[in-house]
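Undergrad: The structure is given below, and queries will be raised subsequently.
The values are calculated or read from the model by the stated rules, or taken from the named source; none is laboratory data. In this text the structure is predicted, and so the values were computed from the model without any measurement. Note that each Cβ is placed from the backbone with ideal geometry, even for glycine, and that neighbours are counted across all protein chains shown.
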Amino acid sequence: MRVDVLDVGQGDAILIRTPANKTILIDAGDGDVNLPKLLTGLGVTSLDLVIGTHAHADHIGGMDEVLDAFPVKNYIDNGLPHTTRTYESVMARIEQKQIPYRTGIVGTSFKLDDGAVLELLFPPATPLKDTRSDLNSNSVVARLTHGDDCFLFTGDSEEPTERALVAAGLGQCDVLKVAHHGSNHSSTPAFLAAVKPSIAVISVGTGNRYGHPGEETMGRLEGTSAALYRTDLDGQVTLLSDGKKIKVETLRTRPNSGAVALTTEVNRPRPSIQAAAAHPAHDLTPAAVDNMPAQACAFPSSASSEVFHEAGCGHAARISPGNLVCYQTREQALAGGKRPAGCCSP
């Protein structure tokens, strides 16, 4: 199992490749780096799953180019819209290309090969509200387990997210992708005490205007036993897992710097969050999304739209309650003058 935390400046882009070469991309940076070229150089020809953790531009700014460059079998985000051209452009691409699209919520999981599982631990079906940043706090949080090795991907989750995860029973995990580029709004003492990472990776841009990573967070991370890596200092961080130990390689592409490799071995029991076991794991195939947690409305539509969706479609989650029209069967939707939406082909 190979996990690359890519050097995309002030943003996130993480590539997961399984032993049988399934490919998963978590976020796509802000578009300042030619991500398709970078992915192609890593051998990517298609993507089995793309996760946009949330709608901020430093996570989906390069998503259009990715969706244009590679066949994408499944797309997941947190279901919260954003009033930006970046977000609207990504949603339009998904619709145009008819990419199967779902809202990712806790309890959704995917069987990969070699016994690996990718689980979504957040957000809940009812998103957090009235936080400092609802988009950040409802970031998609995913956990990858491969044998005894565990990776935790946190998007830009903040203190309310971490509090909910710890309350749900979050256990130890070997590798932590540090939330929100090392912002002081994340990586709380209680969260770090629960995860107890051996390796922590911060995806952050050199000299960024936000001051990331924050001094408080750096102090908390340095107070743990984790080996700490930063893309602004170390470049691309590659984690190689054989299910028993994790090898870390760093590669800087800037002048006068080379590759540095070191090995960290971990031997911990697989962690668990009780809420994540609410739904069975699905094989990571195009049909897998058909088995995601269903919504109460079987075939939702908007009163102002000509199309209808199937339950769980990410576009359906954005229909305002005042415009929602529910059909219990596909036939009822067709009889109501609606046509199937291209994004989910209900």
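Undergrad: Please give the number of the condition residue 105 fails out of (1) free of Cβ contacts under 8 Å to residues at least 40 places away in the same chain; (2) out of contact with any helix residue (DSSP H, G or I) (no Cβ under 8 Å at 6 or more places or on another chain); (3) under 20 Å from residue 14 (Cα atoms).
TA: (1)
Undergrad: A further question on this structure: So which residues in the stretch 16-49 are of a type in the set (Val, Ile, Thr) and closer than 16 Å to residue 5 by Cβ, if there are any at all?
TA: Applying the first criterion (of a type in the set (Val, Ile, Thr)) to the stretch 16-49 yields 16, 18, 23-24, 26, 33, 40, 44-45.
16, 23, 24, 26, 33, 44 - these are the residues of the stretch 16-49 that are of a type in the set (Val, Ile, Thr) and closer than 16 Å to residue 5 by Cβ.
Undergrad: If you check 263, 253, which single one turns out to be loosely packed, with under 15 Cβ neighbours inside 10 Å, at pLDDT below 90 and over 17 Å from residue 33 (Cβ atoms)?
TA: Details: 253 fails: over 17 Å from residue 33 (Cβ atoms).
Among 263, 253, only 263 is loosely packed, with under 15 Cβ neighbours inside 10 Å, at pLDDT below 90 and over 17 Å from residue 33 (Cβ atoms).
Undergrad: Something else about it: Which residue, of 8, 106, 50, is in contact with a Gly (Cβ under 7 Å, 6 or more places away or on another chain) and aliphatic (A, V, I, L, M)? Steps first, answer last, please.
TA: Details: 106 fails: in contact with a Gly (Cβ under 7 Å, 6 or more places away or on another chain); 50 fails: in contact with a Gly (Cβ under 7 Å, 6 or more places away or on another chain).
On inspection, the qualifying residue turns out to be 8.
Undergrad: Within the stretch 301-309, identify whether any single residue is modelled with pLDDT of 70 or more, part of a helix (DSSP H, G or I) and in contact with a Pro (Cβ under 7 Å, 6 or more places away or on another chain), and answer yes or no.
TA: No, there is no match, as no residue in the stretch 301-309 is modelled with pLDDT of 70 or more, part of a helix (DSSP H, G or I) and in contact with a Pro (Cβ under 7 Å, 6 or more places away or on another chain).
Undergrad: Which number in (1) of a type in the set (Asp, Glu); (2) without any contact (Cβ under 8 Å) to a residue 12 or more places away in the chain; (3) touching a Phe, Trp or Tyr at 6+ places or on another chain (Cβ under 7 Å) marks the one condition that residue 88 misses?
TA: If we test residue 88 against (1) of a type in the set (Asp, Glu); (2) without any contact (Cβ under 8 Å) to a residue 12 or more places away in the chain; (3) touching a Phe, Trp or Tyr at 6+ places or on another chain (Cβ under 7 Å), just (3) comes out false.
Undergrad: Run down 101, 75, 87 and say which single residue is surrounded by 20 or more Cβ atoms within 10 Å (Cβ to Cβ), within 23 Å of residue 319 (Cβ to Cβ) and over 14 Å from the mean Cα position of the chain (by Cα).
TA: On the way: 101 fails: over 14 Å from the mean Cα position of the chain (by Cα); 75 fails: over 14 Å from the mean Cα position of the chain (by Cα).
Just a single option satisfies the conditions, and that option is 87.
Undergrad: Give the stretch 47-70 a look and list any residue that's hydrophobic (A, V, I, L, M, F, W, C) and closer than 18 Å to residue 104 by Cα, or say none.
TA: Once the filter is applied, which keeps residues that are hydrophobic (A, V, I, L, M, F, W, C) and closer than 18 Å to residue 104 by Cα, the stretch 47-70 yields 47, 49, 50, 51, 55, 60, 63.
Undergrad: Got a number for residues in the stretch 210-231 being without any contact (Cβ under 8 Å) to a residue 40 or more places away in the chain and either in a loop (DSSP other than H, G, I, E, B) or of a type in the set (Asp, Glu) (or both)?
TA: Residues meeting the conditions: 9.
Undergrad: Right, something else. Looking at (1) out of contact with any helix residue (DSSP H, G or I) (no Cβ under 9 Å at 6 or more places or on another chain); (2) touching a residue at least 60 places away in the same chain (Cβ under 8 Å), which is the one condition that is false for residue 83?
TA: So residue 83 meets the others, but not (2).
Undergrad: Of (1) buried (at least 17 other Cβ atoms within 10 Å of the Cβ); (2) over 23 Å from residue 211 (Cα atoms), residue 40 satisfies all except one. Which?
TA: Of everything listed in (1) buried (at least 17 other Cβ atoms within 10 Å of the Cβ); (2) over 23 Å from residue 211 (Cα atoms), residue 40 misses just condition (1).
Undergrad: May I ask you to verify whether residue 227 is over 20 Å from the mean Cα position of the chain (by Cα) and of a type outside the set (Asp, Glu)?
TA: Details: over 20 Å from the mean Cα position of the chain (by Cα): yes; of a type outside the set (Asp, Glu): yes.
Yes.
Undergrad: How about the stretch 137-164: which of its residues are farther than 22 Å from residue 238 by Cα and surrounded by fewer than 24 Cβ atoms within 10 Å (Cβ to Cβ)?
TA: Of everything in the stretch 137-164, those that are farther than 22 Å from residue 238 by Cα and surrounded by fewer than 24 Cβ atoms within 10 Å (Cβ to Cβ) turn out to be 159, 160, 163, 164.
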